[in-house]
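Below you'll find the structure, written out as structure tokens, and then a few comments.
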Amino acid sequence: MTAPTLPGFTPARPVPAPAGAGPAPRTYTVTLKTGLKLLNANQRPHYRQRAERTAAIRAAAMEAVSESSTLMDALAEAKPDALFQRAHVLGVLHPPTNGRRDPANWYPSFKAAVDGLVDAGLLEDDDHTRLLGPDMRLGHVVKGGQLVLHIRELAPGEQWPDLGAVTR
């Protein structure tokens with residue numbers, strides 16, 4: 001299944017590696033099934049309902065990885081290690097209807113999906129030393145709504161952005 005793309009957005013492509021730096025970083029797209037009940041930071045569900053939705057999103061991310069033969073081949077090749085040592089995740093929320101939305105409010109859903117990527121073996125952990133993101137964006141309307149995760153390997157030696165320089 002090919003992932004929908006955003007108008008004016010091209011998913012991350014491997015960056016040409018500097019001379020002698022090795023192969024270009026790998027990129028993958030993980031598309032979760034449509035119709036999942038997502039979590040929104042503005043909601044206040046009962047803790048059990050929240051836990052059930054979190055578990056469902058996490059399992060859906062693992063399932064999406066397991067259904068990708070490309071990812072499963074890469075995971076088998078990387079065993080016993082995680083597929084990525086460091087990665088950047090761009091999460092795209094495809095809402096079920098038109099309307100104004102704040103994609104950052106769906107952070108709990110993106111977090112559960114990233115946890116599913118960790119469970120699937122793409123990353124050893126999702127702490128700040130291994131993961132940049134998830135950065136959340138709003139995509140086009142998809143019937144039932146959908147989360148799509150674009151994962152880009154951070155190349156050895158690729159530095160984290162210096163965000164402090166922006167605020168000085």
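Overview of results
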{"quantity": "Between segment 62-107 and segment 111-140, the Cα center-to-center distance that results, in Å", "calculated": "7"}
{"quantity": "Proximal lysines to LYS111, defined as alpha-carbon separation beneath 21 angstrom and excluding residues fewer than eight positions away on the same chain", "calculated": "LYS33, LYS37"}
{"quantity": "Proximal charge balance of PRO103 [Cβ under 12 Å; K/R count +1, D/E count -1]", "calculated": "+1"}
{"quantity": "For MET136, distant residues with modelled amide H under 5 Å away", "calculated": "GLY91"}
{"quantity": "Table column - 3J(HN,Hα) (Hz), segment 41-56, Karplus curve with 6.51, -1.76, 1.60, x for Gly and Pro", "calculated": "4, 7, 7, 10, x, 4, 4, 5, 5, 4, 5, 5, 5, 4, 4, 5"}
{"quantity": "Environment charge at LYS33 (Cβ cut-off 11 Å; Lys +1, Arg +1, Asp -1, Glu -1)", "calculated": "-2"}
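Bear in mind these aren't lab numbers, they're just calculated from the coordinates by the rules spelled out. These figures come from a predicted structure and were not determined experimentally. Note that we place each Cβ from the backbone using ideal geometry, even for glycine, and neighbour counts take in every protein chain shown.
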